[in-house]
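Read the structure below first, then the notes.
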Amino acid sequence: MDSDEIEKELSKLTQGSVKKIILDLTKVHHICSTALGIFVATKRKLKPMNGDIKVIVVDEDLIQLFEITMLDKVFEIFPDLASAMEGFQLDEEDSH
C-alpha cells in the first residue's frame, strides 16, 4: 500500500463516524516520511472528536524509527492488537 492509498483509507474513516483507529504495522518493515505525516495529520483530525490512533509495531527498525522521529511521544505503540484495544479501554476509563 502506498501513501496515497493510506491517505484515502484514513480519510474515509475520519469522514465517517470512526473516532478510534488502530494501525496494524506488524507486517511493515519500512515506512516513508509521507506516510508518517499522514498518520500525524489523521491524529490531529481525530483529536477534536475525542478520537485517537494506536499503533501496533513489532519490527525493531520501525520501532527505532518512531523513537528517532519522536513519534513514540505522539502515538502509543503496542506489540499486538489486544494491547492496543486495551489502550482504548484504559483511555475511556480515565476520561470518566
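We did not get these values from a lab; they are worked out from the coordinates using the rules stated. Source: prediction; values computed, not measured.
Things worth noting here:
- Derived scalar couplings between HN and Hα for the stretch 17-29 equal 9, 6, 10, 10, 10, 10, 8, 8, 9, 4, 9, 9, 10 Hz in order, rounded to whole Hz, by the Karplus curve 6.51 cos²θ - 1.76 cosθ + 1.60 (θ = phi - 60°), x for Gly and Pro.
- Candidate values (i) 1.04; (ii) 1.63; (iii) 1.20, label of the one derived for Cα Rg over 2.2 N^0.38 Å: (i)
- Of all aspartates and glutamates in the structure, the ones whose alpha carbon falls short of 20 Å from that of LYS20, not counting any fewer than 8 places away in one chain, are GLU5, GLU7, GLU9, ASP52, ASP72, GLU76, ASP80, GLU86, ASP91, GLU92, GLU93, ASP94.
- Based on DSSP H segments of at least four residues, each scored -39500 (n - 2.57), the chain has a per-residue ellipticity at 222 nm of -17000 deg cm²/dmol.
- For the chain: relative contact order, % (alpha-carbon pairs under 8 angstrom, 6 or more apart): 30 percent
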